[in-house]
């Protein structure tokens, strides 16, 4: 699902304009990104948890190793159970 499709679907479900939903979703992404960059976790009940993980690599002689944070996602147990029930 694309960003525009998500906005259109949420706007249709909530009865709001696509402009307002776009503002809310944009704000959510901005706040979530700031939280992840500061090292916090973003937990959404019954959906999952976003968190950052900094990989620890061995240093290699003569090379500069840069540790970069990577955003990871762990699905909630509720979502896993729901998906298994559909099978």
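Structural remarks
- Residue match in segment 40-50 (condition: farther than 20 Å from residue 73 by Cβ and touching a helix residue (DSSP H, G or I) at 6+ places or on another chain (Cβ under 8 Å)): no
- Matching residues, segment 32-43, being surrounded by 13 or more Cβ atoms within 10 Å (Cβ to Cβ) and without any contact (Cβ under 8 Å) to a residue 12 or more places away in the chain: 33, 35, 40, 42
- Any hit, segment 7-17, residues being free of Cβ contacts under 8 Å to residues at least 40 places away in the same chain, loosely packed, with under 12 Cβ neighbours inside 10 Å and within 14 Å of the chain's Cα centre (by Cα): no
- Of all residues in segment 1-24, those that are in a helix (DSSP H, G or I) and on the phi > 0 side of the Ramachandran plot total 0.
Where a number appears in this text, it was derived from the coordinates with a stated rule and is not lab data. None of the values given here were measured: they were computed from a predicted structure. No Cβ is skipped: glycine too gets one built from the backbone with ideal geometry, and neighbour counts run over all protein chains shown.
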